[in-house]
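The values are calculated or read from the model by the stated rules, or taken from the named source; none is laboratory data. The structure presented is a predicted model; accordingly, all values stated were derived computationally and were not measured. All Cβ positions, even for glycine, are placed from backbone atoms using ideal geometry, and neighbour counts span all protein chains on display.
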Amino acid sequence: MPIEEYEVRDASRRNELPDPKLNIQFITPTAPVPTLELIVTISNDSPEPASHVVIQVYIDARAKILSSGGWVARSHQLDSADNTKIPVSVLQMNWSVAAKLPIWEGQVFRVNDEKLVVGLPPGIGEYTFGWRLSSPRMPSKQWFYSVVSSGSAMNVVELGPPSEHMRGL
């Protein structure tokens, strides 16, 4: 099947736009209180550097932010697929070349040097976490996780983009 001209243009322009990606690593310390350290890193899958990115991390409002790691927090509600509201804290950090290096292809940057630590309520529970990236000339990206706590252990399940299970900002 022949490729249409617009498909060729679209494919060739993909390398002209930044393609930042965020990764959250959930670290569970061996403390009696159920806590999580979130290590947030950003990378770029395009040869075009990302100079300005708004990074938002969603943390279930039932969790307590013990150490914000320099992030600015505000309250928000996400819409789930069944139209119920999920209260979250939104932590935001603006990545800009005025303060940081551009995000170039193949390099992974830690978003913040200070620890981002979250305490979960004791006992059994399931908590929503996620992130959103916005950058000029790029559609916004979102990703979600479910953190399941048995009271003594935690498991992180990647839910993926919000299409099936919830709508973000």
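Out of the residues in region 22-70 meeting the condition of being farther than 18 Å from V157 by Cβ, free of Cβ contacts under 8 Å to residues at least 40 places away in the same chain and of a type in the set (A, V, I, L, M), tell me which one is surrounded by the most Cβ atoms within 10 Å (Cβ to Cβ).
If we take residues in region 22-70 being farther than 18 Å from V157 by Cβ, free of Cβ contacts under 8 Å to residues at least 40 places away in the same chain and of a type in the set (A, V, I, L, M), then A61 is surrounded by the most Cβ atoms within 10 Å (Cβ to Cβ).
Within region 107-116, is even one residue within 24 Å of E16 (Cβ to Cβ) and surrounded by 15 or more Cβ atoms within 10 Å (Cβ to Cβ)?
Scanning region 107-116, I find at least one residue that is within 24 Å of E16 (Cβ to Cβ) and surrounded by 15 or more Cβ atoms within 10 Å (Cβ to Cβ), so the answer is yes.
Would you point out which residue out of W95, W143 is assigned to a strand (DSSP E or B) and touching a Pro at 6+ places or on another chain (Cβ under 7 Å)? Talk me through it step by step, then tell me what you get.
Numbers: W95 fails: touching a Pro at 6+ places or on another chain (Cβ under 7 Å).
When all the criteria are applied, what remains is W143.
Take region 81-99 and flag every residue that is more than 20 Å from A50 (Cα to Cα), exposed (fewer than 14 other Cβ atoms within 10 Å of the Cβ), in contact (Cβ under 8 Å) with a residue 12 or more places away in the chain and not hydrophobic (A, V, I, L, M, F, W, C).
P87
For region 66-87, give me each residue that is under 16 Å from the mean Cα position of the chain (by Cα), among the hydrophobic types (A, V, I, L, M, F, W, C) and closer than 19 Å to I39 by Cβ.
W71, V72, A73 - these are the residues of region 66-87 that are under 16 Å from the mean Cα position of the chain (by Cα), among the hydrophobic types (A, V, I, L, M, F, W, C) and closer than 19 Å to I39 by Cβ.
Can you find even one residue in region 12-21 that is modelled with pLDDT of 90 or more and under 18 Å from L120 (Cα atoms)?
Filtering region 12-21 for residues modelled with pLDDT of 90 or more gives 18-21.
Subset that is under 18 Å from L120 (Cα atoms): none.
Scanning region 12-21 turns up no residue that is modelled with pLDDT of 90 or more and under 18 Å from L120 (Cα atoms).
On the phi < 0 side of the Ramachandran plot, within 14 Å of the chain's Cα centre (by Cα) and of a type outside the set (V, I, T): which single residue out of N112, N155 fits that description?
Values: N155 fails: within 14 Å of the chain's Cα centre (by Cα).
Testing whether each residue is on the phi < 0 side of the Ramachandran plot, within 14 Å of the chain's Cα centre (by Cα) and of a type outside the set (V, I, T) leaves just N112.
From the set of residues in region 38-75 that are touching a Lys or Arg at 6+ places or on another chain (Cβ under 6 Å) and not in a loop (DSSP other than H, G, I, E, B), which is modelled with the lowest pLDDT?
S67
Return only the number of the condition from (1) assigned to a loop (DSSP other than H, G, I, E, B); (2) among the hydrophobic types (A, V, I, L, M, F, W, C); (3) closer than 24 Å to K85 by Cα that L101 does not satisfy.
It is condition (3) that L101 fails.
Condition check: farther than 23 Å from P47 by Cα and surrounded by 15 or more Cβ atoms within 10 Å (Cβ to Cβ). Does M154 satisfy that? Give the steps one after another, and end with the answer.
Numbers: farther than 23 Å from P47 by Cα: yes; surrounded by 15 or more Cβ atoms within 10 Å (Cβ to Cβ): yes.
Considered against the rule, which asks whether it is farther than 23 Å from P47 by Cα and surrounded by 15 or more Cβ atoms within 10 Å (Cβ to Cβ), M154 comes out as yes.
Among the candidates P122, P161, P136, P102, single out the residue that is more than 30 Å from P49 (Cβ to Cβ) and in contact (Cβ under 8 Å) with a residue 12 or more places away in the chain.
Working: P161 fails: more than 30 Å from P49 (Cβ to Cβ); P136 fails: more than 30 Å from P49 (Cβ to Cβ); P102 fails: more than 30 Å from P49 (Cβ to Cβ).
Result of the check over P122, P161, P136, P102: P122.
Of the conditions (1) at pLDDT 85 or above; (2) under 22 Å from Q142 (Cα atoms), T35 clears all except one; give me its number.
The failed condition is (2).
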